[in-house]
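To keep things clear, I will list the structure first and then write my remarks on it.
The values are calculated or read from the model by the stated rules, or taken from the named source; none is laboratory data. Quantities reported herein were computed from a predicted structural model and do not represent experimental measurements. Counting neighbours? That spans all protein chains shown, and the Cβs are built from the backbone with ideal geometry, glycine included. For accessibility, only protein heavy atoms count, side chains too; no ligands or nucleic acids. Shrake-Rupley method; radii C 1.70, N 1.55, O 1.52, S 1.80 Å.
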Amino acid sequence: MAFGGLKGTLQGSATSITNPFSTDAGSISVSVGDLIFVVCHEQTSNTATSASDNLGNSYAAVNAGSDAGTVTSRAFWSRVTVAGTLTTCSVAATGSADNVVLLAAVIEGPFVVSPLDANPADI
């Protein structure tokens with residue numbers, strides 16, 4: 001695989017969001033420098049505040065998220081500092097009866113340590 005290639009994805013969905021809400025179990029081998037991009041889509045309210053994974057990598061929010069009135073989104077990213085087998089990603093969120101979809105994508109690096117050079121608004 002080459003730089004920028006998709007190494008794999010993890011996803012989860014439910015008719016009620018829990019706190020935390022996690023992807024279904026999977027298995028993706030990650031190396032230091034890979035990029036993990038996590039997106040949480042919620043019905044009605046944007047309550048996702050942070051992301052985490054089973055390896056202990058640190059995540060930053062891409063922006064404050066978006067709220068279209070019926071569907072919301074918030075994205076988080078991590079440059080892998082703890083290599084291993086990624087099996088779950090989670091978001092901290094307010095538990096409710098809202099529908100939710102969570103997606104985590106791993107992109108092969110190495111990416112530089114400096115922050116993202118763009119902070120686009122979710123649409």
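Quick look at the values:
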item	result
Cβ-Cβ under 7 Å pairs, at least 6 apart or on other chains, the stretch 92-103 side under 11 Å from CYS40 (Cα atoms), far side surrounded by fewer than 16 Cβ atoms within 10 Å (Cβ to Cβ) and among the basic types (Lys, Arg)	none
Test result for ARG79, of a type in the set (D, E, K, R) and in contact with a His (Cβ under 9 Å, 6 or more places away or on another chain)	no
Counted residues, the stretch 63-91 - those being within 15 Å of the chain's Cα centre (by Cα) and free of Cβ contacts under 8 Å to residues at least 24 places away in the same chain	1
Residues that are assigned to a loop (DSSP other than H, G, I, E, B), open to solvent by less than 30 Å² (accessible area, probe 1.4 Å), closer than 19 Å to SER114 by Cα and touching a residue at least 40 places away in the same chain (Cβ under 8 Å), drawn from the stretch 22-62	GLY33, ASP34, VAL62
